[in-house]
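**Student:** Please see the structure below; I have some questions.
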Amino acid sequence: MITLKGKGAHGGVAIGRAVFFRRAQISVERRNVADVEGELSRFRSARERTAQELRRLYERALSDIGQSGAQIFEIHEMMLFDEDYNHLVENTIRVENVNAEYAISVAAEHFAKIFSSMGDPYMSARAADIKDVSRRLCKILSGAEDMGVSGKGIILCADDLAPGETMQLDKESILAFVTSEGSVNSHTAILARTMGIPAVVGVGERLMSLSDGTLLAVDSFCGEVYSDPDGETLSRLEKKRNEQKKAEELLEKYRGLDNVTLDGRRIDVFANIQTISEVGAAIKNDAGGIGLFRSEFLYIGRDMPPDEEEQFSAYRTVLSSMGNKKVVIRTLDIGADKQAPYLDLPKEENPALGMRGIRICLTNEELFRTQLRALFRASVFGKLCVMFPMITSVSEVDEILTVCRRVKNELVEEGHRVSDNIELGIMIETPAAVMISDKLAPLIDFFSIGTNDLGQYTLAIDRQNRSVDRFFDPHHEAVLRMIRIAVDNAHKNGKWIGICGELGADLSLTETFLRMGIDELSVSPSSILPLRDKIRNIDLEKENNEKSEDIYGFDK
């Protein structure tokens, strides 16, 4: 058994035979041409045919996977007609009296090097895009055709796959993608997430030494591929696959259905994620958006904080993958049980009450500004909501908004595009925030209740201390009263309010939250469909036999 380690681009388990993608071999040679105008005409004709292909691929992708997946073909068409790209191709033909194929290859290498040299994973992926557009042109000029793949129930293997190659495949025949190259930002990864197909990318050149027909077991949850797996590995992954199938059966039952009660009350159900690789699970489980992206996981387990470009790339990937759905990104929430040694935070006797969340950001403004710059730059790639944790006062929110305005103005002055529709919200996770929520609501666009910390601070029980577990009651009347106060004050000020803590997935409280007026519940991807099932079987018009104080925390 050989284990290949890469990066899981979309979670899932698949077991099948390897089939390698066979693309046309296009040999580009430099040839001198006598008829330069004729060669320019060849190039322009191939460009029009390529544009027609890209438009067909766009329509197919739009039908199969939606706007967020289809937009790559719009980008490719823009590249195809890019003024600088076309000028270099045509100028090379004219000045050097060479064939169109050679001039296209020169332009492809030139712009690919520019993109690759930017040191940004997203821009590196654009280098692959320009090569794909150029290869498509050369393929039309040469009359070559990709052989593609054949067979059912296969594990598709390749060095990498261009978006057009991926979209032209019969996805019903493919159990998983495995590529030797690529990253979680590559289009193979993005399209795999959108299409709901398990994928492991960047496993290295050893993949290409395998043969068609090799038995492969793919675990894209942990980014591993097993060649000729042993019995124990097969048994473990088959069990994992069966669990996955059960979840998929539930998904099929509720895919595309609204989160609406029997009496017509609608509620948003979003996903909580902490890494880019979990976006696929959110999409697969039919999340209405991302209700909590825990950005602190970009900061943990490293020697220094991520710089602006790394964060920008991560936020852009999540926003682009989710299309026009809301993505709520929480700013850095380090402290307490989540530590980053390079921040040199002081040792505290009670870190849950010390330097954490927004307190770190407002103390280390440069750290905060770097994250805000990355977030605001990424805002044009989707529907961004930014959420600030551990709020306890109006003055904190005022200071946050001041920093946000300065950063946004600074970016605009530098020539960056920033969306005008960014929503700014705060987490309600301290009793202080609850009790002044009437004053906080007018300042922001939304509230999101972090029930884990709200329960901890309300009940004065450390949720990391197991010795007091028996005293912790997440359904405590005081916690429910706190939530109800925040809901009322949000709605009085015309703002939406959600729950992103563990209680959001507690099905015994779903009806309670709906009756309170909660607008959104954000839960782990695997909890979305059970929650949808629960919501669709609730009738809020039906008389509730329980005391209203048990439901709302208030007497009638």
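**Student:** How much accessible area per residue does the chain have, counting only protein heavy atoms and a probe of 1.4 Å, in square angstrom?
**Tutor:** On a per-residue basis, the chain sits at 44 Å².
**Student:** List the lysines whose Cα sits under 17 Å from the Cα of residue 347, skipping any in the same chain fewer than 8 residues away.
**Tutor:** Answer for residue 347, where 17 Å is the Cα cut-off: 338, listed by chain and number.
**Student:** Semi-axes, largest first, in whole Å: what does sqrt of 5 times each Cα gyration tensor eigenvalue give for the stretch 373-482?
**Tutor:** 34, 14, 11
**Student:** Amide H neighbours of residue 223 under 5 Å, at least 5 residues apart or on other chains, H built in the peptide plane: list them.
**Tutor:** Excluding prolines and chain starts, which carry no amide H, the hits are 8.
**Student:** About its Cα centre, how strong a charge dipole does the chain have in debye, to the nearest 20, once Lys and Arg get +1 and Asp and Glu get -1 at the Cβ?
**Tutor:** 700 debye
**Student:** Post the alpha-carbon centroid distance, the stretch 375-445 to the stretch 211-243, in whole angstrom.
**Tutor:** 45 Å
**Student:** Can I ask one more? Can you find, among 89, 61, 440, the residue sitting farthest towards the positive end of the charge dipole of the chain, where Lys and Arg contribute +1 and Asp and Glu -1 at Cβ?
**Tutor:** Comparing the listed Cα positions along the dipole, 61 ranks first.
**Student:** May I pose another question? Can you tell me the length gained on complete extension of the stretch residue 416 to residue 262, counting 0.36 nm per residue apart and subtracting the Cα distance?
**Tutor:** Working: separation 154, 0.36 × 154 = 55.44 nm, distance 4.65 nm.
Working it through step by step, the gained length comes to 50.8 nm.
**Student:** Between residue 481 and residue 113, what is 0.36 nm times their sequence separation minus the Cα-Cα distance? Round to one decimal in nm.
**Tutor:** Between residue 481 and residue 113, full extension yields an extra 126.6 nm.
**Student:** Based on DSSP, what percent of beta bridges with both residues in the stretch 345-501 are antiparallel, to the nearest 5?
**Tutor:** Counting only bridges with both partners in the stretch 345-501, antiparallel ones make up about 0 percent.
**Student:** Where in the stretch 408-452 does the amide nitrogen come within less than 17 Å of the point 7 Å from the Cα of residue 75, taken along Cα to Cβ?
**Tutor:** 417, by backbone N distance to the label point.
**Student:** A further question on this structure: Enter the mean projected area of the convex hull around the alpha-carbon atoms of the stretch 1-68, in nm², rounded to one decimal.
**Tutor:** Over all viewing directions, the stretch 1-68 projects a mean Cα-hull area of 9.1 nm².
**Student:** Another question, if that's okay. Using unit Cβ charges (K, R positive; D, E negative) and no other charged atoms, how large, in debye to the nearest 20, is the dipole of the stretch 13-103 about its Cα centre? Intermediate results must be reported in sequence, preceding the final value.
**Tutor:** Details: 13 positive and 16 negative charges, 121 e Å.
For the stretch 13-103, the charge dipole is close to 580 debye.
**Student:** Could I ask something else about it? Residue 391's amide H: which non-local residues (gap 5+, or another chain) put their own amide H closer than 5 Å, with H modeled 1.01 Å from N in plane and none for Pro or chain starts?
**Tutor:** Counting only residues 5 or more places away or on other chains, the set is 427, 429.
**Student:** Here's something else I'd like to know. Report, in cubic angstrom per residue, the convex hull volume of the C-alpha atoms of the chain.
**Tutor:** Given the Cα convex hull of the chain, per-residue volume reads 171 Å³.
**Student:** Now, a different point. Evaluate the distance, in nm, between pseudo-label points positioned 7 Å from the Cα of residue 438 and of residue 253 along their respective Cα→Cβ axes.
**Tutor:** So the label points at residue 438 and residue 253 sit 4.5 nm apart.
**Student:** Here's something else I'd like to know. Quick one: work out Rg over Rh on the C-alpha atoms of the stretch 187-339, Rh as Kirkwood radius.
**Tutor:** 1.02
**Student:** With the crude spin-label approximation of a point 7 Å out along Cα→Cβ, what separation in nm comes out for residue 27 versus residue 274?
**Tutor:** 5.4 nm
**Student:** So what does log10 I(q)/I(0) come out to for the stretch 134-177 at q = 0.16 Å⁻¹, using the Debye formula with one equal point on every Cα and no solvent?
**Tutor:** -0.48
**Student:** Considering the convex hull of the alpha carbon atoms of the stretch 437-513, report its projected area averaged over all viewing directions, in nm², one decimal.
**Tutor:** Over every viewing direction, the Cα hull of the stretch 437-513 projects on average to 5.4 nm².
**Student:** Which listed residue (1, 108, 277) has the Cα farthest towards the positive end of the charge dipole for the chain, taking +1 on Lys and Arg C-beta and -1 on Asp and Glu C-beta about the Cα centre?
**Tutor:** Comparing the listed Cα positions along the dipole, 1 ranks first.
**Student:** Treating only the Cβ atoms of Lys and Arg (+1) and Asp and Glu (-1) as charged, compute the dipole magnitude of the stretch 387-466 about its Cα centre; round to the nearest 20 debye.
**Tutor:** 220 debye
**Student:** Okay, next question. In Å, what is the Rg of the alpha-carbon atoms in the stretch 1-116, and how long is Dmax?
**Tutor:** That works out to 18.9, 58 Å for Rg and Dmax.
**Student:** Related question: Output the Cα-based Rg and Dmax of the stretch 152-223 in Å, rounding Rg to one decimal and Dmax to a whole number.
**Tutor:** Cα only, the stretch 152-223: 11.1, 29 Å (Rg, Dmax).
**Student:** Quick one: pull the percent of accessible area on the chain belonging to carbon and sulfur, 1.4 Å probe, ligands and nucleic acids left out.
**Tutor:** Details: 11650 of 24710 Å².
The value for the chain is 47 percent carbon and sulfur by accessible area.
**Student:** Helix by helix, which DSSP H runs in the chain go 30 Å or more along their axis at the Cα atoms and have an average Kyte-Doolittle hydropathy of -0.5 or more?
**Tutor:** Details: long enough: 36-65 (42 Å, -0.96); 121-142 (32 Å, -0.14); 231-254 (35 Å, -1.78).
In the chain, the long hydrophobic H runs are 121-142.
**Student:** To check you understand DSSP bridge types, tell me what percent of the beta bridges within the chain (both residues inside) are antiparallel, rounded to 5.
**Tutor:** 35 percent
**Student:** From the gyration tensor of the Cα coordinates in the stretch 242-281, what semi-axes in whole Å does the equivalent ellipsoid have, largest first, with each one equal to sqrt(5λ)?
**Tutor:** Taking √(5λ) for each eigenvalue gives 23, 17, 7 Å, largest first.
**Student:** Could you sort out which of 131/253; 152/253; 284/408; 245/326; 113/326; 5/408 sit more than 31 Å apart by Cα distance in this structure?
**Tutor:** 131/253; 284/408; 113/326; 5/408, as the Cα separations exceed 31 Å there.
**Student:** Given the C-alpha centroids of the stretch 289-309 and the stretch 1-50, what is the distance between them in whole angstrom?
**Tutor:** Here the answer is 34 Å between Cα centres.
**Student:** Could you pull out the longest piece of the chain with no exposed loop GluC sites (Glu not before Pro) in it, calling a site exposed if DSSP puts it outside H, G, I, E, B and it has at most 16 other Cβ atoms within 10 Å?
**Tutor:** That gives 146-347 as the longest site-free run.
The values are calculated or read from the model by the stated rules, or taken from the named source; none is laboratory data. These numbers come from a predicted model, not from an experiment. Cβ: placed from backbone, ideal geometry, glycine included. Neighbour counts: every protein chain shown. Side chains included, ligands, DNA and RNA excluded: accessible areas come from the protein's heavy atoms. Shrake-Rupley method; radii C 1.70, N 1.55, O 1.52, S 1.80 Å.
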